[in-house]
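Everything below concerns the one structure shown next.
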Amino acid sequence: MKPCNHGKPSQTKMLIMVRIFCFCLVSTLLSIQGSLTLTPNESIQGNRTLVSSAGTFEAGFFNFGNSQGHYFGIWYKNITPRTIVWVANRDAPVKNSTAFLTLTEQGVPVILDASRSVVWSSNTSRTAKKPVMQLLDSGNLVVKDEDDTKNLLWESFDYPGDTFLAGMKLRTNFVTGSFRSLTSWKNAEDPGSGEFSYHIDAHGFPQLVTTKGEILISRGGSWNGFVFSGVSWRRMLTLVNFSLVINDKEVIYQYETLQAEIVTRLVINPQGFVQRLLWSGRNRGWEILSTRPMDQCEYYAFCDVNSMCNVTNSPKICTCLEGFVPQFYEKWSSLDWYGGCVRRVNLSCDGDGFLKYTGMKFPDTTSSRYDESLSLEKCEKLCLKNCSCTAYANIDVNGTGCLLWFGNISDLTRHTDQGQDIYIRLAASELDHRGNNQSFDNKKLAGILVGIAAFVMVLGLATFTYMKRKKVSKGGVFMKK
């Protein structure tokens, strides 16, 4: 009888174990590495992520510290600490880590929990034969047909969170009144929809606004041809190019970076402040370029109506416009700007004129009208023809377009960077009064200057005479013989 050979079975068993280990290792590595695309027979769960082709952005599940709430979101892949730019289920966190995101056979992105109940869905009605999900290097998560990559079935950019990225579009529909807005988080560790919104108000000439519910908190100003006028835009235009498109249906606002290596974002934080941030590779952190509102004058109508706010005049930062007086003198004298200002003389329509203010952030355009083709001269005539028109201006800083205001002037501010000219309507008597005052002031100034000149001449003559006599007295001493 031949002895049993125990070596071969042991080697076979060892080989099987090695293969199992290798399979598990590969499976683990595959589960944690980022994929470029997702199809209906795949899912994202646990540590698995989608990564954009250049590795700029990453999408997957995350949570905050010890929180049991799990979210599917998008963040910068190579920036630490993790900076979230979009969250799918921001208002519907999953209470455990077993949730997963997948595509239906029709191409609808859904998040399912352990019981396969739908936690979140894109609810898109468009379908595809071969749907595929992909994360673009812009940070836009898209679903498209594998055979028709140009037409997107769904994209995350259509559903902004608290962050405005390059290439994203903020839209407001003139017909339906609907708009896409940034919405703040509830707090730093809760991406749920907060109290503050940032969007384009298209009632009148389009302007950027920050609201808390239905309350207008701050305005980013109206479009001046390059940016919204409330922005300190000198440095901004060295980093990004802003654009605004207005057609019969809607207004569309977006921006693009001027160089590929520029990483910037706009965020509305849980406290309602809108911040423009720039990534600094040298400092490995986010540099805050601007924060709005940054002072009292940037809060909506801080000085109430028919007044001007100038933060450099602190503490008396509010003044009535020329031809207006405080509605409540006692309040204004105690730096309470309630009630704003009222006209000293009512408009009579015939014979009215305008007073020019320079370097201004335009007032609220909610009740304004505009024509992008009119010159400033035609704009003035158009305003004069309408007795309700109280101010006019060029839309563009280059001197084109016509913008008309009606009723009270609200939220007019002295611009801290580079403002625009606006013409405020006054009654003829107010203009005459101003002209007479200026004439009187000019005469008074001329008299003062003449007096000063005469005094200097007399003083000079007296000095000259004194010095001459002193010299003669020294040189003309009589010598005794």
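The values are calculated or read from the model by the stated rules, or taken from the named source; none is laboratory data. Bear in mind that the values here come from a model prediction, so they are computed numbers and not experimental data. Positions of Cβ are backbone-derived with ideal geometry, glycine not excepted, and every protein chain shown enters the neighbour counts.
Scan 292, 344, 265 and give me the residue that is touching a residue at least 60 places away in the same chain (Cβ under 8 Å) and over 29 Å from residue 185 (Cβ atoms). Spell out how you get there, then give the answer.
Working: 292 fails: over 29 Å from residue 185 (Cβ atoms); 265 fails: over 29 Å from residue 185 (Cβ atoms).
Selected residue: 344, the only one of 292, 344, 265 that is touching a residue at least 60 places away in the same chain (Cβ under 8 Å) and over 29 Å from residue 185 (Cβ atoms).
Number of residues in segment 47-61 that are closer than 23 Å to residue 95 by Cβ and touching a Lys or Arg at 6+ places or on another chain (Cβ under 7 Å) equals 1.
Looking only at segment 101-118, how many residues end up being polar (S, T, N, Q) and either touching a residue at least 60 places away in the same chain (Cβ under 8 Å) or within 19 Å of residue 90 (Cβ to Cβ) (or both)? Let's see the steps before the verdict.
Of segment 101-118, the ones polar (S, T, N, Q) are 102, 104, 106, 115, 117.
Those left that are additionally either touching a residue at least 60 places away in the same chain (Cβ under 8 Å) or within 19 Å of residue 90 (Cβ to Cβ) (or both): 102, 104, 117.
Residues in segment 101-118 being polar (S, T, N, Q) and either touching a residue at least 60 places away in the same chain (Cβ under 8 Å) or within 19 Å of residue 90 (Cβ to Cβ) (or both): 3 in total.
Going by what's in this entry, would residue 5 be described as farther than 26 Å from residue 195 by Cα and modelled with pLDDT under 90? So residue 5 fits the description; yes.
Let me confirm something: among 204, 225, 177, which residue is outside any strand (DSSP E or B) and farther than 30 Å from residue 398 by Cβ?
Details: 204 fails: farther than 30 Å from residue 398 by Cβ; 225 fails: farther than 30 Å from residue 398 by Cβ.
Result: 177 is the single residue among 204, 225, 177 that is outside any strand (DSSP E or B) and farther than 30 Å from residue 398 by Cβ.
Could you tell me which of the residues 149, 183 is β-branched (Val, Ile, Thr), in contact (Cβ under 8 Å) with a residue 40 or more places away in the chain and out of contact with any His (no Cβ under 7 Å at 6 or more places or on another chain)?
Values: 149 fails: in contact (Cβ under 8 Å) with a residue 40 or more places away in the chain.
Every option except 183 fails the conditions.
Output the residues belonging to segment 228-248 that are of a type outside the set (A, V, I, L, M), under 18 Å from residue 363 (Cβ atoms) and not in a strand (DSSP E or B). 229, 230 - these are the residues of segment 228-248 that are of a type outside the set (A, V, I, L, M), under 18 Å from residue 363 (Cβ atoms) and not in a strand (DSSP E or B). Among the residues of segment 317-341, those identified as under 30 Å from the mean Cα position of the chain (by Cα), in contact (Cβ under 8 Å) with a residue 24 or more places away in the chain and in a loop (DSSP other than H, G, I, E, B) are 321, 337, 338, 339, 340.
Let me confirm something: among 210, 238, which residue is within 21 Å of residue 415 (Cα to Cα), β-branched (Val, Ile, Thr) and crowded, with 21+ Cβ neighbours inside 10 Å?
Values: 238 fails: crowded, with 21+ Cβ neighbours inside 10 Å.
Matching residue, one of 210, 238: 210.
The single condition among (1) part of a strand (DSSP E or B); (2) surrounded by 19 or more Cβ atoms within 10 Å (Cβ to Cβ); (3) within 11 Å of the chain's Cα centre (by Cα) that residue 251 does not meet is (3).
Report yes if residue 219 is over 21 Å from residue 205 (Cα atoms) and of a type in the set (Lys, Arg), otherwise no. Break it down stepwise before answering.
Numbers: over 21 Å from residue 205 (Cα atoms): no; of a type in the set (Lys, Arg): yes.
Here the answer is no, as residue 219 does not meet what is asked.
Residues in segment 274-316 that are touching a Phe, Trp or Tyr at 6+ places or on another chain (Cβ under 8 Å) and in a loop (DSSP other than H, G, I, E, B): 5 in all.
How many of the residues in segment 33-62 are among the polar types (S, T, N, Q) and touching a residue at least 24 places away in the same chain (Cβ under 8 Å)?
Narrowing segment 33-62 to residues among the polar types (S, T, N, Q): 33, 35, 37, 39, 41, 43, 45, 47, 49, 52-53, 56.
Add one more test, that the residue is touching a residue at least 24 places away in the same chain (Cβ under 8 Å), and what stays is 37, 39, 43, 45, 52-53, 56.
Number of matching residues: 7.
Checked across segment 81-88, the condition of being over 21 Å from residue 268 (Cα atoms) and among the basic types (Lys, Arg) holds for no residue.
Quick check on residue 91: is it of a type in the set (Asp, Glu) and free of Cβ contacts under 8 Å to residues at least 40 places away in the same chain? If you could, list the steps in order and put the result at the bottom.
Numbers: of a type in the set (Asp, Glu): yes; free of Cβ contacts under 8 Å to residues at least 40 places away in the same chain: no.
Spelling it out, it is not the case that residue 91 is of a type in the set (Asp, Glu) and free of Cβ contacts under 8 Å to residues at least 40 places away in the same chain.
The residue that is surrounded by the most Cβ atoms within 10 Å (Cβ to Cβ), counting only those in segment 383-436 that are in a loop (DSSP other than H, G, I, E, B), touching a residue at least 60 places away in the same chain (Cβ under 8 Å) and among the hydroxyl-bearing types (Ser, Thr, Tyr), is 416. Do we have residue 150 as surrounded by fewer than 18 Cβ atoms within 10 Å (Cβ to Cβ) and either over 24 Å from the mean Cα position of the chain (by Cα) or of a type in the set (A, V, I, L, M, F, W, C) (or both) here? Answer is yes for this residue. If you go through segment 342-371 and pick out every residue that is of a type in the set (Asp, Glu), at pLDDT 95 or above and part of a loop (DSSP other than H, G, I, E, B), you end up with 2.
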